[in-house]
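Trainee: Just passing along the structure, written as structure tokens.
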Amino acid sequence: MRRTSLSRLLAASLCVASVLAPVTVLPATVHAASATVHAASAAGRDCPQGGLGPELTARLDSTIEDVRQQAGIPGVVVGLWMPGKGCYVRATGVGDTATNAPMPVDTYLRIGSETKTFTVTALLELVDDGLVGLDDPVSAYLDGVPCGDRISLRQLAEMRSGLFPYTSDPDFIHDLEADPHRSFTPQEVLAYGFRHDNTAGPGEVFEYSNTNLVLLGLVVEKVGGRRLDEFIRDRVLRPAHLRHTLLPTGAEFPEPHAHGYTVETLSGAVADATDWNPSWAWAAGAMISNLHDLRRWAEVVATGRLLSPRTQAERLRTLPTGFPGTSYGLGILETNGWIGHNGSLPGYETVTVYLPSQQATLVLLLNTDILHEGQEPSTLVARAVTALVTPDNVYAGAIPPR
């Protein structure tokens, strides 16, 4: 939900909106903190002493700290695993600007749009079960979707439905910023989007829209026969052995967690968004995870471990986005060879990607979503890290993540 969201491209023939049937500068207390590794954490055990060698490790330490300082990022966790070469796990900066407590390497974090990889995995498991088809119209499962008889589940997952992004609706932005602790239902957020005409015809253009993923979450619930958080827990998280990942039903946030900082406020002032309710993002961006689980998840998503080879091939068939170096598949992006997703919502940003050519994994956790010179802070860190360790595959990742 960022005011500078993707431009809405209009087509000559648009569907008329209908009503869905019921269905800047951080505080001065941010000080530089030395990079730390908590060896007792699961992430620390996964990266024994030695890392990527003293020279590259020192260069990474310096580069990450420089980006953190320049971009005003309170704290960042970086995990990098490169089979045959070594690994790097560091937490630097602070997890709480009021107390200057260090950023914990084992922090839980709100992962924003990385949630899309979980929701779409759930959908694709239903495809493998023979219960849904990617080219089925969404109207076969849900009533009240504008042009729903012409929009396929595939088009929802690949961001080519033409449905208006509810996070671009001025009333939604005001209502969320006026009361960020409010609980939204999927039907309530969709109503903000459905009051607008569609922005393009189905399949015509790429437009990043959380509306698509909320609809897919409702499809998974209807076909799967249980709440989305339960379906993802049973069919995705447990088989992938992710014990520190969840789709919350409210504002709950496991410990330890870093405080998150944002300017997504009515006044534009910096605020602590730690306990804000992410229900508005639901299937598109409400999940929570940590470094250890995201490391595992990166490879699961990129290699299709939970899916049939045929369905995984469909997922990885990416199309241009209009952003250089980055294409988009079924709830997944490809950016100069890296496969995965980024995430952002008030207070937090993440990146979880896998590079098949080197079997490398990169995970970033940041406790701010405040832009620096118009760029996502997570993108700045990811570019700096990959420029050092994979210069032939530098992360582009220029898609606004919500």
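Trainee: Within the stretch 323-376, can you find the residues that are part of a strand (DSSP E or B) and of a type in the set (D, E)? Spell out how you get there, then give the answer.
Mentor: We begin by selecting, within the stretch 323-376, every residue part of a strand (DSSP E or B); these are 326-328, 333-335, 338-345, 348-355, 360-366, 368, 372, 375.
Matches in the stretch 323-376: E334, E349.
Trainee: Shifting gears a bit: Can you say whether G95 is assigned to a loop (DSSP other than H, G, I, E, B) and closer than 26 Å to L242 by Cβ, as far as the supplied structure shows?
Mentor: Details: assigned to a loop (DSSP other than H, G, I, E, B): no; closer than 26 Å to L242 by Cβ: yes.
It is false that G95 is assigned to a loop (DSSP other than H, G, I, E, B) and closer than 26 Å to L242 by Cβ.
Trainee: Same structure again: Quick one: count up the residues across the stretch 128-155 that are out of contact with any strand residue (DSSP E or B) (no Cβ under 9 Å at 6 or more places or on another chain) and closer than 20 Å to R315 by Cβ.
Mentor: 8
Trainee: What number of residues within the stretch 270-320 are part of a helix (DSSP H, G or I) and within 19 Å of R154 (Cβ to Cβ)?
Mentor: Residues of the stretch 270-320 part of a helix (DSSP H, G or I): 278-280, 282-285, 291-303, 309-315.
Among the residues that remain, those that are also within 19 Å of R154 (Cβ to Cβ) are: 283-284, 301, 309-315.
Final tally of qualifying residues: 10.
Trainee: Residues in the stretch 256-276 that are touching an Asp or Glu at 6+ places or on another chain (Cβ under 6 Å) and exposed (fewer than 14 other Cβ atoms within 10 Å of the Cβ): how many?
Mentor: 1
Trainee: Also, quick follow-up: What do you reckon, is W280 within 17 Å of the chain's Cα centre (by Cα), farther than 24 Å from A396 by Cα and surrounded by 15 or more Cβ atoms within 10 Å (Cβ to Cβ)?
Mentor: Details: within 17 Å of the chain's Cα centre (by Cα): yes; farther than 24 Å from A396 by Cα: yes; surrounded by 15 or more Cβ atoms within 10 Å (Cβ to Cβ): yes.
So W280 fits the description; yes.
Trainee: Tell me which residues, restricted to the stretch 150-166, are in a loop (DSSP other than H, G, I, E, B), closer than 24 Å to E125 by Cα and either polar (S, T, N, Q) or out of contact with any helix residue (DSSP H, G or I) (no Cβ under 7 Å at 6 or more places or on another chain) (or both).
Mentor: Hits for the stretch 150-166 are R150, E158, R160, S161.
Trainee: Looking only at the stretch 382-402, filter to residues that are surrounded by 22 or more Cβ atoms within 10 Å (Cβ to Cβ), at pLDDT 95 or above and in contact with a Ser or Thr (Cβ under 9 Å, 6 or more places away or on another chain); which one of those is nearest to V270 (Cα to Cα)?
Mentor: Filtering the stretch 382-402 for residues that are surrounded by 22 or more Cβ atoms within 10 Å (Cβ to Cβ), at pLDDT 95 or above and in contact with a Ser or Thr (Cβ under 9 Å, 6 or more places away or on another chain), the one nearest to V270 (Cα to Cα) comes out as A382.
Trainee: Let me confirm something: among P254, P186, which residue is at pLDDT 95 or above, of a type outside the set (S, T, Y) and under 25 Å from L333 (Cβ atoms)? Full working, then the answer.
Mentor: Details: P254 fails: under 25 Å from L333 (Cβ atoms).
Residue meeting the stated conditions: P186.
Trainee: Give the number of residues within the stretch 39-71 that are part of a loop (DSSP other than H, G, I, E, B), modelled with pLDDT of 80 or more and either surrounded by fewer than 13 Cβ atoms within 10 Å (Cβ to Cβ) or on the phi < 0 side of the Ramachandran plot (or both).
Mentor: Step one: filter the stretch 39-71 for residues part of a loop (DSSP other than H, G, I, E, B), giving 39-41, 46-53.
Then drop every residue that is not modelled with pLDDT of 80 or more, which leaves 51-53.
Among the residues that remain, those that are also either surrounded by fewer than 13 Cβ atoms within 10 Å (Cβ to Cβ) or on the phi < 0 side of the Ramachandran plot (or both) are: 52-53.
Residues meeting the conditions: 2.
Trainee: Residues being aliphatic (A, V, I, L, M) and not in a loop (DSSP other than H, G, I, E, B): count how many of those fall in the stretch 123-149.
Mentor: Here is the first cut: in the stretch 123-149, the residues aliphatic (A, V, I, L, M) are 123-124, 126-127, 131-132, 134, 138, 140, 142, 145.
Then keep just the ones that are not in a loop (DSSP other than H, G, I, E, B); that gives 123-124, 126-127, 138, 140.
So the count comes out to 6.
Trainee: Residues of the stretch 212-255 being under 19 Å from H292 (Cβ atoms) and buried (at least 16 other Cβ atoms within 10 Å of the Cβ), which ones?
Mentor: Residues of the stretch 212-255 that are under 19 Å from H292 (Cβ atoms), as a first pass: 232-233, 236-248, 253-255.
I232, R233, V236, L237, A240, L242, H244, T245, L246, L247, P248, F253 - these are the residues of the stretch 212-255 that are under 19 Å from H292 (Cβ atoms) and buried (at least 16 other Cβ atoms within 10 Å of the Cβ).
The values are calculated or read from the model by the stated rules, or taken from the named source; none is laboratory data. Bear in mind that the values here come from a model prediction, so they are computed numbers and not experimental data. Counting neighbours? That spans all protein chains shown, and the Cβs are built from the backbone with ideal geometry, glycine included.
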